[in-house]
Amino acid sequence: MDNDHISNPVFRDSVFYSQDTQAIGMTINGVIRKSFIALLLLLAGAAFAWTRSYTSVAEINGKIMLFSIGTLVLYFITMFKPDIAKITVPLYAIGQGFIIGAASLFAQRIYPGIVVQASAGTFGVFAAMLFVYKTGIIRPSEKFIMVITMATLGVAFIYLADFLMAYFGGSGLSIVRDSSNIGIAFSAVVCIIAALNLLLDFEFIVRQSKLGAPEKMEWIAALGLLVTLVWIYLEIIRLLLKSKSRSH
C-alpha cells in the first residue's frame, strides 16, 4: 500500500522517514501518551476560552480567526521541522483548544446543552471507529484510502470556496451554511468522512510503529489524531446547529 495516500497530511512516510531511523522506535503506547498530553492541553485552552468575556459575536469570530492563523502556522512549522514537534504540538493543541472553546461558547449561547451533545458524539465516534478498526470490520485498503483522501480534499475545497466568498462580501455557500435538507445532509456526510479519517490515522500509526519510525515522531502522530478529532467535534457542532435551527 502506498502510505503517501493517507488523507491526513501529517501521516506521510516522507515525514516519518526523513528522520533518524537509528533512534529508539516509536510505539503505540508512546503515541497514546503524547495524544493524552495534547488532549489535556486542548481542554485547557478550551476552558480558558470558555471563561473569557466577549462583547459580541464579531469579537468571538475575530479571536477564532486569529488563533486559526496561529495554529495553521504552527502546523506547517511542525510539518517542515518535526524535530521541534515536542514544542509546536503542545502549542498547537492549546491554540486549537481556544478555537473550539470559543466556538463552543458561541454555540452554547444559542442552544444550551449542545456542547455536551457534541462532546459525547465525538467520544462515541472515536470509540466506534477504534472498535471497527480493532475488530477488522473495516481494514483500510489502498482503494479505501484513495476514496477517503479524495473526499477529504473535496470537503476542503468546498470550505475554502465558502470562506473566500464570505471574505469578499458574499453570503458563502448555502450547502455549508444553510439549515436546509441539503445543508444538513452535507454536514452529515462531512461528519462521516471525518470519522473515517480516524481509520486511516489508526492504520498509519500501527504501520509506522511496526516499521520502526523514530520515537520523536510520536508527537507527529499525536498531532495527526488531534487534527482529526477537532475536525470531528466542529463538524458535529455544525450539524447540531443546523438540525436545531430547523426544529425551532
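Laboratory data are not the source of any read-out in this text; all were calculated from the coordinates shown. Model, not experiment: these values are computed from the prediction. Because the Cβ atoms are built from the backbone with ideal geometry, glycine has one as well, and the counts that use them run over all protein chains shown.
At-a-glance table
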{"quantity": "Region 194-233: C-alpha gyration tensor shape, a/c 1.5 cut-off, then a/b vs b/c", "calculated": "oblate"}
{"quantity": "Positive minus negative residues near Leu66 (Lys, Arg vs Asp, Glu; Cβ under 15 Å)", "calculated": "+1"}
{"quantity": "Separation of alpha-carbon centers, region 25-47 and region 178-248, rounded to whole Å", "calculated": "16"}
{"quantity": "Least to most buried among Leu241, Leu42, Leu164 (fewest other Cβ within 10 Å first)", "calculated": "Leu164, Leu241, Leu42"}
{"quantity": "Sum of -39500 (n - 2.57) over DSSP H runs of 4+, divided by residues of the chain (222 nm, nearest 500)", "calculated": "-26500 deg cm²/dmol"}
{"quantity": "Calculated FRET efficiency for the pair Ala128/Asn29, C-beta based, R₀ 22 Å, to 0.05", "calculated": "0.50"}
{"quantity": "Which of Ser119, Ser141, Ser104 has the fewest Cβ neighbours within 10 Å, and the rest in rising order", "calculated": "Ser141, Ser119, Ser104"}
{"quantity": "Three-way shape label, region 101-248, alpha-carbon gyration tensor, a/c 1.5", "calculated": "prolate"}
{"quantity": "Under 29 Å between alpha carbons - lysine pairs in the chain that sit 8 or more apart or on different chains", "calculated": "19"}
{"quantity": "Electrostatic dipole magnitude of the chain [Cβ: Lys, Arg +1; Asp, Glu -1; Cα centre; debye, to 20]", "calculated": "580"}
